[in-house]
Amino acid sequence: MRRELLAAMKFETDARRASVLVTDVADGAQFLLLASSEPKNSVEVAARQALLDGESRMALVEGREYFFTVAWPAPRLVIVGASHVSQALAALSVTAGFDVAIVDPRKAFASERRFPGVNLVAQWPQDAFKQAPLDPFCAVALLAHVPSIDDPALLEALDAGCFYIGALGSKKTRDARMKRLAAAGRQSEADRIHAPIGLDIGARTPAEIAVAILAEIVSVMRRGGARRR
Amino acid sequence: MAFDWLQEGRGVAIATVIETWGSAPRRSGSHLIVDQEGHFAGSVSGGCVEAEVIVAATECIESGAPKILEFGVEDETAWRIGLPCGGRIRVYVEKVS
């Protein structure tokens, strides 16, 4: 592989765009197809499909073997609310390969001491997202449990098409949130919100709840959450 | 990571799982990155064939020629470098130049 190709892939993922490296495995010839490029031949059509599926794979096109290496941007997890559950979720998610950010305007919560080494944004979500916009490769976990913090983040996450949106709270809290969503005229988007948040694994402690949330995010990312509950 | 290693002036090869049959520990697209001294990061299996891939990768850094490796229970070297899970994998090894 030429060094320039590797640099170009990195440039795309750093800019939070997907790309796919096409390798002719018989002779080693390679090129990079960007998410924005229109496929011009049958190889590029197959490569583009792999990119959309988010799946690196082999393909036989017109008698030749090609391997498509799909490079998606690192999944980003934005945790809204610097709570006890957030502390455990941040640590687990970094290990699982997520690019993690914590957003909470309450500086007593969003402190370096409580979240050593984590990207902390002590701002209101709507201000935080102006600097680091949400995108479809983002998961958003609403854990503040305070509507004035969670709700603006929820609306932005819906607008940005984030692949996962989960909100902490009992069924009662969820129903109250649904009423506010309906009042904002956005009732039809309610089924995009995972609430109560996390897979039902009987979690009790904050760390166990974090495991349930991370498991749900991975399940949605990898198979559209098909087997959820 | 491969890019960071290059910036440090290390010779780098990338091994990629390009095909799997049956039960295989890592999916297509999984990478193992190797430098000329055999340091490595990532994986192409559960650890069963890495040693062989690392040797091939360091050779590849010297020669510059990409190659395809196959591992599986049907392989005559199964006892040495077979996949205990019973699957078969193909690995593409290439130098970054």
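The values are calculated or read from the model by the stated rules, or taken from the named source; none is laboratory data. Computed from a predicted structure; not experimentally measured. Ideal geometry is used to build each Cβ from the backbone, glycine not excepted, and the neighbour counts take in all protein chains shown. For accessibility, only protein heavy atoms count, side chains too; no ligands or nucleic acids. Shrake-Rupley method; radii C 1.70, N 1.55, O 1.52, S 1.80 Å.
Tabulated data
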{"item": "Between region A:151-229 and region A:1-44, the Cα center-to-center distance that results, in Å", "result": "34"}
{"item": "Estimated translational D of chain B in µm²/s (Stokes, Kirkwood radius over Cα pairs; 10 °C; 1.306 mPa s)", "result": "120"}
{"item": "Rg in Å to one decimal, and Dmax rounded to a whole Å, for region A:1-121 via C-alpha atoms", "result": "19.3, 62"}
{"item": "Reachable lysines from residue A:130, criterion Cα separation under 30 angstrom, eight or more residues apart if same chain", "result": "A:10, A:107, A:179"}
{"item": "Nearest-0.05 FRET efficiency for residue A:175 and residue A:38, computed from C-beta distance (R0 45 Å)", "result": "0.45"}
{"item": "Sites matching GluC sites (Glu not before Pro) across region B:15-68 that sit in DSSP coil, with at most 16 neighbouring C-beta atoms within 10 Å", "result": "B:37"}
{"item": "Residue-level accessible surface for residue A:170, protein heavy atoms, 1.4 Å, Å²", "result": "60"}
{"item": "Candidates B:54, B:33, B:18: whichever shows maximal mean-square fluctuation once chain B is modelled as a Gaussian network with Cα springs under 10 Å", "result": "B:18"}
{"item": "Over region A:3-71: Rg over Rh, Cα atoms, Kirkwood Rh", "result": "0.94"}
{"item": "Chain A - share of DSSP beta bridges that are antiparallel (%, nearest 5)", "result": "45"}
{"item": "Principal-axis tilt of helix A:3-14 within chain A, Cα atoms, nearest 10 degrees", "result": "30"}
{"item": "Lys/Arg +1, Asp/Glu -1 at C-beta; region A:76-222 dipole; positive extreme among A:139, A:96, A:205", "result": "A:205"}
{"item": "Value of Rg/Rh across the protein assembly as shown [Cα atoms, Kirkwood radius]", "result": "1.03"}
{"item": "P(r) tail fraction, region A:76-222 - alpha-carbon pairs more than 28 Å apart, %", "result": "9"}
